[in-house]
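Worksheet: one structure, shown below.
A short reminder: the numbers here are calculations on the coordinates, not readings from a lab. Keep in mind that this is a model prediction, so the values were computed, not measured. Cβ placement follows ideal geometry from the backbone for every residue including glycine, while neighbour counts extend to all protein chains displayed.
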């Protein structure tokens, strides 16, 4: 039985003219070389998305013997982080580590492009298959996100591998088992795979109602990789943490999205419309997935469409395939895409230094084993004293009081002397605590602050501190004792009697010993 291989409804695309003309080959080669050059530029210059270090912090945890969910918070499935941990371990601590991790995405991108070509060739013409790959890379979302170190790329690769196998011939039990195995691996990378599985089931039933008989081998394959991962986390004592982070925590976002229930009411009528009006199977899969995503996924962003963008690229290419204006259309699409990419990349400005300069400060200001408080793991190599992260769901749940803001208490308990710079994502109580007890050093803050005219200051985190003026160690008496350098201070109010009227700051002593001072901010050149 053949369900998803080449259907008779698209035979009109398989004409002798389905091969590229000489002019079209030159155009395709030119567009391909242009995209390749822009990709190299984007790899080296496009800003690092905040999700990239967030994922890398979790991956780093595995290299340190920390268990995802139990020791390091994360609300994504774990396979991507586990699989890329050995690659991270090769490089040690370095400020430009995300370039190394982006390099790991290159073979994944190449595979997705190759799979897109093969699948498109099965359904349409050779020319449409070539156009499909080019159009896919002309989509700004795919072009930029496929460069980044993120779970979505491995997820798309597993999905395309499954679809490649699915469309390769008769749906035998062996073939369906392999499809299920690949979809199970995709599920272990991203729970959005549930939408893809639902899409294939619905499309299969729409195309051939009795196709459910081929589902059992696929279901058997589907559960293998997730079962191995589940048993591993049970053995590690982190199963409840996995369930909480991936399901309970992620469900919290739906509380603030009651309007989505309206979409769900329209879901079945929309499926019926698709069933009776759509004959092209690639189009059917694309529409069913997009509809399922809009109705049932609680937090939608452009990257959630990455798995279906190859299908949309095929559809555009197939539509253009028998049009006389296909070459000018591709040229126009290329121009629009390049203009869009120039906008998204700020005309190819080098924005990677914003991250690398911060990481340079992380590695010079802190040492391995010292905690560092950031939003969601941006500083990668240091443990956070507070469990939850401040991405979209975390910020919303803390704001609504569903998760307690214990940042101040946790930082004190962990003796955390370094924190990320001030910003809009800190909860109110944490923001007040950080402003009162931490001082800016450039890209990070260390415990300390500017001293008021009375010379009194409040230490929240016990540790060794220094009192500085613009020239270095200040002169005066601290708590009635002549000040001669770094001194241990307990929590509470302290008093410094200054010898002159210069501005003074009290600062965590290791920060000063490592070359930092609030009088001379560092790493702001980006």
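The simple Förster model, with R0 at 45 Å and r as the Cβ-Cβ distance, assigns residue 473 and residue 392 a FRET efficiency of 0.50.
Over the chain, dividing the summed -39,500 (n - 2.57) contributions of all DSSP H runs of at least 4 residues by the number of residues returns a 222 nm mean residue ellipticity of -16000 deg cm²/dmol. Take 28-39, 473-484 and order them by the average number of nearby Cβ atoms within 10 Å per residue, most first; the result is 28-39, 473-484. Stretching the chain fully between residue 220 and residue 349 yields a gain of 41.6 nm (0.36 nm per residue, less the alpha carbon separation). In whole angstrom, the stretch 354-513 maps to an equivalent ellipsoid with semi-axes of 30, 17, 13, each derived as √(5λ) from the alpha carbon gyration tensor and ordered largest first. Listed peptides 458-465, 187-194 appear in the order 187-194, 458-465 once ranked by packing, highest mean of other Cβ atoms within 10 Å at the front.
At full extension, residue 298 and residue 272 could sit 7.1 nm farther apart than now, given 0.36 nm per residue minus the alpha carbon distance. A simple packing score, the average count of other Cβ atoms within 10 Å per residue, orders the peptides 94-107, 51-64 as 51-64, 94-107, with the highest score first. Note that the stretch 103-250 carries a Kirkwood radius of 16.7 Å, evaluated over its alpha carbons pair by pair.
Extending 7 Å from Cα along the Cβ direction at residue 464 and again at residue 484 yields two label points whose distance is 1.5 nm.
Computed on the Cα trace of the stretch 348-401, the radius of gyration divided by the Kirkwood hydrodynamic radius gives Rg/Rh = 1.07. Note on the stretch 358-436 and the stretch 439-455: Cα centroid distance 17 Å, given to the nearest whole angstrom. Rg then Dmax, both in Å and based on the Cα atoms of the stretch 29-117: 15.3, 50.
Inter-part distance, the stretch 84-98 to the stretch 461-526, computed on C-alpha centroids, equals 35 Å.
Here the stretch 116-139 is scanned for amide nitrogen atoms under 20 Å from the site 7 Å beyond the Cα of residue 279 along Cα-to-Cβ, giving 122-125. Once the C-beta distance of residue 520 and residue 429 is scaled by a Förster radius of 35 Å, the resulting FRET efficiency is 0.70 to the nearest 0.05. The order of 199, 277, 334, going from fewest to most other C-beta atoms within 10 Å of their C-beta, is 277, 334, 199. Using the Cβ-Cβ distance between residue 235 and residue 413 with R0 = 30 Å, the FRET efficiency computed as 1/(1 + (r/R0)^6) comes to roughly 0.55.
The stretch 101-168 and the stretch 260-304 have their alpha-carbon centroids 22 Å apart. Relative to the longest principal axis of the Cα atoms of the chain, the long axis of helix 428-437 lies at roughly 40 degrees.
On full extension, the segment bounded by residue 440 and residue 402 gains 10.6 nm, given 0.36 nm per residue less the C-alpha separation.
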